[in-house]
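Below is one structure, written out as structure tokens; comments come after it.
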Amino acid sequence: MFKFKKDKYSSSRGGRSALLDISCQHCGNHICFYQKDGPGELKRMYCDRIVAPEELVQRYKGKNYSELAPLNCENCKRQLAVPMIYEKEKRNALRLFVGAVNKQKITIKEYEKMTNQG
Ligand SMILES: [Zn+2]
């Protein structure tokens with residue numbers, strides 16, 4: 001069963017989180033599922049909030065900034081985001097290019113269905 005990560009980052013954003021289905025805006029290819037904390041537009045994806053697929057989670061989780069690679073669409077090869085450090089929290093993130101991805105809010109039930117869990 002999926003559970004949102006709850007920590008100082010989510011509580012500093014009001015404690016409410018949502019699941020987003022991130023896809024390439026150019027070709028529609030699914031990129032990842034992402035936990036968005038708090039309100040507002042998605043401008044960057046924090047590396048510790050990528051939920052799935054596992055390959056992408058491992059590529060960005062717990063890495064040094066220098067180890068991070070840009071995020072590309074594996075289908076159309078477009079660059080979607082580049083690594084950054086969110087200075088306020090000293091936290092690795094991916095800065096999304098404007099108009100690079102579609103963000104669709106989904107429920108936990110939908111997420112589990114899409115990833116064949118539960
Ligand atoms: Zn694409």
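Residues of region 58-77 being surrounded by 12 or more Cβ atoms within 10 Å (Cβ to Cβ) and outside any loop (DSSP other than H, G, I, E, B), which ones?
Arg59, Tyr60, Tyr65, Leu71, Asn72 - these are the residues of region 58-77 that are surrounded by 12 or more Cβ atoms within 10 Å (Cβ to Cβ) and outside any loop (DSSP other than H, G, I, E, B).
Report, ordered by the first and then the second residue, all pairs with beta carbons closer than 8 Å, sequence separation of six or more or different chains, a first member in region 19-48 that is within 27 Å of Met1 (Cβ to Cβ) and among the hydroxyl-bearing types (Ser, Thr, Tyr), and a second member that is within 16 Å of the ligand (Cβ to nearest atom) and in a loop (DSSP other than H, G, I, E, B).
Ser23/Asn29
List pairs: first in region 70-95 and of a type in the set (Phe, Trp, Tyr), second away from the ligand (no atom under 16 Å from the Cβ), Cβ under 8 Å, 6+ apart or cross-chain?
Tyr86/Arg44; Tyr86/Tyr46; Tyr86/Asn92; Tyr86/Ala93
Would you pick out the residues in region 1-51 that are among the aliphatic types (A, V, I, L, M) and either at pLDDT 95 or above or surrounded by 15 or more Cβ atoms within 10 Å (Cβ to Cβ) (or both)? Before the answer, list the steps.
Residues of region 1-51 that are among the aliphatic types (A, V, I, L, M), as a first pass: 1, 18-20, 22, 31, 42, 45, 50-51.
Correct list: Ala18, Leu19, Leu20, Ile22, Ile31, Leu42, Met45, Ile50, Val51.
For region 69-108, name all the residues that are touching a helix residue (DSSP H, G or I) at 6+ places or on another chain (Cβ under 7 Å), aliphatic (A, V, I, L, M) and farther than 22 Å from Arg16 by Cα.
Of everything in region 69-108, just one residue is touching a helix residue (DSSP H, G or I) at 6+ places or on another chain (Cβ under 7 Å), aliphatic (A, V, I, L, M) and farther than 22 Å from Arg16 by Cα, namely Ile85.
Mind listing whichever residues of region 98-114 are surrounded by 14 or more Cβ atoms within 10 Å (Cβ to Cβ) and either part of a loop (DSSP other than H, G, I, E, B) or on the phi > 0 side of the Ramachandran plot (or both)?
Within region 98-114, Ala100 is the sole residue that qualifies.
The values are calculated or read from the model by the stated rules, or taken from the named source; none is laboratory data. Quantities reported herein were computed from a predicted structural model and do not represent experimental measurements. Glycine gets a Cβ as well: all are built from the backbone with ideal geometry, and neighbour counts include every protein chain shown.
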